[in-house]
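One structure is given here, and the rest of the page talks about it.
The values are calculated or read from the model by the stated rules, or taken from the named source; none is laboratory data. It should be emphasised that the depicted structure is a prediction, and the values quoted were computed from it without experimental measurement. As a convention, Cβ positions derive from the backbone with ideal geometry for all residues, glycine included, and neighbour counts pool all protein chains shown. Remember, those area values only see protein heavy atoms, side chains included, never the ligands or the DNA or RNA. Shrake-Rupley method; radii C 1.70, N 1.55, O 1.52, S 1.80 Å.
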Amino acid sequence: MSLLGRNSFVRSCIPVLIGICMGIALNMMVAPFLDDLCDPIDTKDTENLIKLRETKMVHEVDTKNKEQEPGKGEVNDQETESDGNDFYIHEQKYQREEIKDGKKFVRPRFASTELGIREKLFVGVLSTPHTVNSFGMALNKTFAHYVTKTVFFTNGKSGMPPPGMQVISFPDQDNKKLPIHALKYIKEHYASTFDYYLFITDRTYIRGEKLYELVGHISISEEVHMGAILHRGDQGDMCTLDGGIILSQNVLSKVYPKIDSCFLKSEQNPSLAFEACILQTANSKCSEKGGDKNFRSYKVDDFEFDDDITSLRSDAMFNSSFSIYPMPDDISLYKIHRYFCQLEINLTRQEIQKAKDSIIGLSEFAPGGKGSLQWPIGVPEAFKPNTRFDVVQWSYFTDTHIYFDDDFTNIRPLQGADKQDIQEIQQIAFDRLISIYGDKFKQFKLVNGYRRFEPSRGMEYTLDLELYGKHRHEKTEQKRVHLLRPLGKVEIVPMPYVTENSQIHLILPVYESEMEDFGNFMEGFAKTVLETSDNSYLYVIFVYEKKKGKSGDPFAVPKTVIDYHLNNHPSRKGTVMWKVLETSEKSELDLLDYVMRDLQSGDLVSVCSIGMEMDIDYLNRVRMNTIPNVQVFFPISFWQYKQNMVYQKPPYPPGVELGQRYGHFDVDSYEHSSFYMSDYMNSRKHVSPSDTKKTSLIDLFLKVQSLHVFRAAEPSLRIRWKLLDCPVRDDDKLRCNKRKSESLASRSQLAKAVFDYAEKKHLSVEEVVKSAKQLTNTIG
């Protein structure tokens, strides 16, 4: 480097060195002042320092006035003295409380249990063995679906209880002690489960919806003892069980400790015995008022519905009552229930009309005026699409067929619920026209029909009806009618609690025509279950076809594959077992009847098939969607298209890719299912031995109304393409052929294959359709 270059470098570094020196000097000058600012409080004023910091780590120590409390700071007291010697810092480590009696605290399963949230209303019905099947059943049918829990109590055995009713019988024949026995039973089984408890006799008619609304508006913190007044006195009112008595949880909690003392008293009737027990144990007197609500009851003497309802119809007290008593017979109970149902319908219609009038009146002050109102009034307006892809499509229908119902069908015959829906909507439209034009028209004919489903509104219909008069020479008229079937209130269906820890028994039938893909199934099972220790077991059924002159074991290779995987996982050897079944015809019920011998009623069963890809997400979905005595699960699986129709050239992917161009969800496939063996055993009783061969598993469960068949698309259940072997029976052959044609490829892919085939063979346009049919029959 030259001398000139060195001088220029030194000149450029001089300002940097000067700046560093000035910074060090300035820092040394200002540092003492900064230390004073960081400690503005005098070290003697330690009390202000502690209040300022508000920390648990700084504890003032005054050896003159205070001593260390026992049990505090004993775990680790490492004392570090400060500069001022005025306070010490105590480092305390967290110490868990010792578990008493060796019992570990277990949190409740539900948050409502831990928070103390209870059910709303329990109803105890006092009955007799002679009336529980008449009055009790009528009472159960008219109001039990409105309340949370209903239990019937009788003195003496009542024989076989009616279906759907819980009947508790006590050996004590004294009818006066029956309400005391009921209270003791509630103490033992439902002591703190409900907020309110209603006690009635089976001769009481209860308006369940109104009663549930009543207790819903009373604070649960209040002590409620209300009901129908039996007589009034200076010492307090007495209520009667015939009209109903409501007790809150607060009152009953005082009764429980002294409930046994109520058996020592003898009263004239059950109502007096019940009231005396509540007064003695809880010191609570009955009244018509609970909170700011009144319990309205109505007593009828020598009631005869057909004769007395005319005068009672105009009685406001009768129409607003929660309970009507006593009922002379169970038929009168049904009749009065029908009267109040019709009364509620009329009141609801009046409220709807008032709401409509209010909306119309307020619309004058809204932007657009009355012209901005949507039809029908009170229903959300129709969806306005932003692009052409958002347009909700209309489906055209006639009396016999429906066109363009979905993206995959052009026309299909009307059947089932669709046919019933369209017939009902036509009749409603014709009845409406008659109400407008009188008896001018005698019959009608559907000319055009359109319908679409609006997610925000419901099902919309547009009908063109040709109307015929009473006489043939009269000219026909055409009317266009618009109808809407609005969506009802969305309700959450309560379901029992289930977990993902249930054990699954996978049932895999293997036929001779499916042996080639058995190795792929076992590889997937080994990765998903054997290597992960999932709580699942595989039950393989080798189905031998009855043939004459066969030699050797056709399933020798699959059995060897099973032994190979079990030897690789010796700790899971009990996970897979196989058996042999010889049959001449495929039958799902015969197969499950054979498996049922080795399973218990509480086992969870999942029926599988060769070609499916085993996935842990699918197994967990089976556990969550299958509920004993409530629900069975039939997933809609994703079926792969034929690979040489989808991909340009090999090699093809080893697995099934999820996508519109690679496969489709087959809604006609019911091969995969999951259920509990107890549900299968109960449903199996509905099928006679002669119908076993022609009854499918899905049809078996559909016959049982108490079971819900759950169908949903399952992306984690993927099936590799295979050529379906359609049965000979006509009822299954049509559906199977439909599945077989849809399993090849999508419409666009099939069309491309047809035109490529026609171009390759140098066919004319007229011969394309014929070549397409030949291609469909020969592919595979």
Added length on full extension, which subtracts the Cα-Cα distance from 0.36 nm per residue, Ala191 to Glu767: 199.2 nm
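Averaged across orientations, what area in nm² does the convex hull of the alpha carbons in the stretch 190-312 project?
On the way: hull surface 36.2 nm².
With every direction weighted equally, the projected area is 9.0 nm².
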Restricting to DSSP loop positions (anything but H, G, I, E, B) with no more than 15 other Cβ atoms inside 10 Å of their own Cβ, which GluC sites (Glu not before Pro) remain in the stretch 507-575? Glu531
How much of Thr400 can a 1.4 Å solvent probe reach, expressed as accessible area in Å² and rounded to 10? 80
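Find, among the trypsin sites (Lys or Arg not before Pro) in the stretch 517-548, those assigned to loop by DSSP (not H, G, I, E, B) with at most 14 other beta-carbon atoms within 10 angstrom. Kindly include the intermediate steps, with their values, before the conclusion.
Numbers: sites: Lys527, Lys546, Lys547, Lys548; in loops: Lys546, Lys547, Lys548.
Filter output for the stretch 517-548: Lys546, Lys547, Lys548.
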Range of Cα positions in the stretch 441-495 per principal axis (Å), largest first: 60, 18, 12
Quick one: accessible surface of Val540, probe radius 1.4 Å, all protein chains present, in square angstrom to the nearest 10. 0
Spatial separation of Cα centroids for the stretch 425-463 and the stretch 325-400, in angstrom: 17
Quote the relative contact order of the stretch 590-741 in percent (integer), defining contacts as alpha-carbon pairs under 8 Å separated by 6+ residues. 37
How much length, in nm to one decimal, is gained on full extension between Met22 and Asp399, taken as 0.36 nm per residue of separation minus their Cα-Cα distance? 125.7 nm
Under the 7 Å Cα-to-Cβ spin-label approximation, His482 and Lys440 lie apart by a distance in nanometres of 2.1
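Assuming R0 = 45 Å, can you tell me the calculated FRET efficiency for the pair Asp306 and Asp598, based on Cβ-Cβ distance, to the nearest 0.05? Working shown, then result.
Working: r = 62 Å, r/R0 = 1.38.
My answer for the efficiency is 0.15.
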List the GluC sites (Glu not before Pro) within the stretch 250-353 that DSSP assigns to loop and that have no more than 13 neighbouring Cβ atoms inside 10 Å. Glu304
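Please give the contour-minus-distance gain from Gln268 to Ile360: 0.36 nm per residue of separation, less the Cα-Cα distance, rounded to one decimal in nm.
Values: separation 92, 0.36 × 92 = 33.12 nm, distance 6.08 nm.
Stretched out fully, the Gln268 to Ile360 stretch lengthens by 27.0 nm.
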Beyond 20 Å, what percent of the Cα pairs of the stretch 665-746 remain? 46
Could you check what % of the DSSP bridge pairs in the stretch 481-640 are antiparallel, to the nearest 5? 5
Separation in nanometres of the label points that stand 7 Å from Cα toward Cβ, at Tyr544 and Asp172: 6.7
Using alpha carbon centers only, the stretch 679-740 is separated from the stretch 262-316 by a whole-angstrom value of 55
From the phi angles alone, apply the Karplus equation (6.51, -1.76, 1.60; θ = phi - 60°) to the stretch 285-291 and give each ³J(HN,Hα) in whole Hz, x where the residue is Gly or Pro. 10, 7, 8, 7, 10, x, x
With every protein chain left in place and a probe of 1.4 Å, what is the accessible surface of Ser706, to the nearest 10 Å²? 90
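Taking all protein chains in place and a 1.4 Å probe, what share, in percent, of the accessible surface of the stretch 421-572 do carbon and sulfur account for?
Working: 4520 of 9080 Å².
That fraction is 50 percent.
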